[in-house]
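These notes concern the structure reproduced below.
The values are calculated or read from the model by the stated rules, or taken from the named source; none is laboratory data. Source: prediction; values computed, not measured. Positions of Cβ are backbone-derived with ideal geometry, glycine not excepted, and every protein chain shown enters the neighbour counts. Side chains are part of the model used for accessible areas, which takes the heavy atoms of the whole protein and leaves out ligands, DNA and RNA. Shrake-Rupley method; radii C 1.70, N 1.55, O 1.52, S 1.80 Å.
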Amino acid sequence: MKLLSVIVPCYNEEENIRDFYDELFKNTLFFQEKEIEVEVLYIDDGSKDRTVQEVKKLRAEDERVHLVSFSRNFGKEAAIYAGLQKAKGDLVVLMDADLQDPPSLLPEMYTYIENGYDSVATRRVTRKGEPAIRSFFARMFYRIMNKISRTEIVDGARDYRLMTRQVVDAILAMTEYNRFTKGIFGWVGYETKWLEYENIERRKGETKWSFWKLFAYSLEGITAFSTVPLTIASVIGILFCVLAFVMIVVTIVRKVCFGDPTSGWPSLVCIIMLVSGVQLFCLGIVGQYLSKTYMEVKKRPIYLVKEDI
Ligand code: UDP
Ligand code: MG
């Protein structure tokens, strides 16, 4: 018998735990025919509601349900990593608890694995039901990201992904602290089949991602998978040096050949403001990378387990 592990990161999802369970097992009868067992790992990311109790209730009814709960909220990336570490399956799939990742796609995804793909990923082609401004910034992010990073990061890609053991082990080998999973998937490579579907709105509860949380996350993605901003800082520095040199020559020539005195401190103030602004901006970029390096060097654990059932 083979095993399929379903990893579900949950943060305050008490209303969705049972719905997800019902929906999942309704759609996995297909796997029984294929002689594949299914297990569910709910990774509780330090929920403050009754998520843990809900999972324990399910566990009492069904041995195929597992629970790993964290000592506090470590973020979805940490939950994914924990899930991948705990999963014993020959096949592993990542899914959200809010049923935005339809379990009905699983049989189709599996047929691609059977046909030799190493992983089957999904992307949503519409962003229906999402604020327009968020969609706009999301598009911008993917466009910039793909220009400045060699790792391919697919627009609209979800974390909903079915993987073979080989791919899971490759992802686990990346032990970095700042985890940007979308980039990590692209980085490890392997033969990936992309399935597309229309956005589905969250079943119950509300999203855990505010605009600013997403914004910070996008910066994380950029620093984790590109060093182009550092190059930009250097290029701006060189440009300003060249500009300054030209201005010095012009000023001297004007004074020596035409006797023009260089007038005005307003222009000077403007230049000082501009250049110090640029300097602070570039220093900020360097600081971003330094802070990430600082966190990596500390080698803190990515998550801490409170309960493992
Ligand atoms: N999630 C998590 N930790 C967090 C935030 C979210 O484990 O700190 C889980 C959440 O419970 C859900 C999934 O990540 O299963 C996706 O979150 P959400 O639906 O809020 O994000 P969205 O679909 O709106 O991008
Ligand atoms: Mg969601």
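If you sort K292, K213 by accessible surface, 1.4 Å probe, largest first, the order is K213, K292.
Against the criterion of solvent-accessible heavy-atom surface with a 1.4 angstrom probe, E61, E77 sort, most first, into E61, E77.
Per-residue extension of 0.36 nm, minus the Cα-Cα distance of V250 and F137, leaves a gain of 36.4 nm for this segment. In the context of the full set of protein chains, the chain has a per residue accessible area of 55 Å² (1.4 Å probe). Each peptide among 94-100, 13-19, 223-229 gets the average number of other Cβ atoms lying within 10 Å of its residues, and from highest to lowest they stand as 94-100, 13-19, 223-229.
Once all protein chains are placed together, W209 keeps about 80 Å² accessible to a 1.4 angstrom probe. Here the gap between K208 and R150, fully extended at 0.36 nm per residue and compared with their Cα-Cα distance, gives a gain of 17.9 nm. Classification of the stretch 209-281 by its C-alpha gyration tensor yields an oblate form. The axis ratio a/c (a ≥ b ≥ c) is 1.5 or more, and b/c is at least a/b. Most simply put, the chain has about 30% antiparallel DSSP beta bridges, counting only bridges with both residues inside it.
Taking a straight line from the alpha carbon of K86, these lysines sit under 19 Å away, with near neighbours fewer than eight places off in the same chain left out: K2, K56, K76, K306.
Here the accessible area is traced with a 1.4 Å probe on the protein chains. For the chain, carbon and sulfur cover 60 percent of it.
Helical runs (DSSP H, four residues minimum) scored at -39500 (n - 2.57) apiece and divided by the length of the chain put the mean residue ellipticity at 222 nm at -16500 deg cm²/dmol. GNM, the chain, Cα, under 10 Å: largest mean-square fluctuation among C270, C241, C257? Evaluated over the chain, the most mobile residue of the options is C257.
Each label point was placed 7 Å from the Cα along the Cα-to-Cβ direction; for L268 and F281 their separation is 2.5 nm. With springs connecting C-alpha atoms under 10 Å apart, model the chain as a Gaussian network and identify which of T192, T111, T51 has the largest mean-square fluctuation. Per the Cα network of the chain with a 10 Å cutoff, T111 tops the list. Counting only protein heavy atoms and using a 1.4 Å probe, the accessible area of E198 comes to about 100 Å². Mind telling me which of F20, F70, F137 comes out most flexible in a GNM of the chain, alpha-carbon contacts under 10 Å? Per the Cα network of the chain with a 10 Å cutoff, F137 tops the list.
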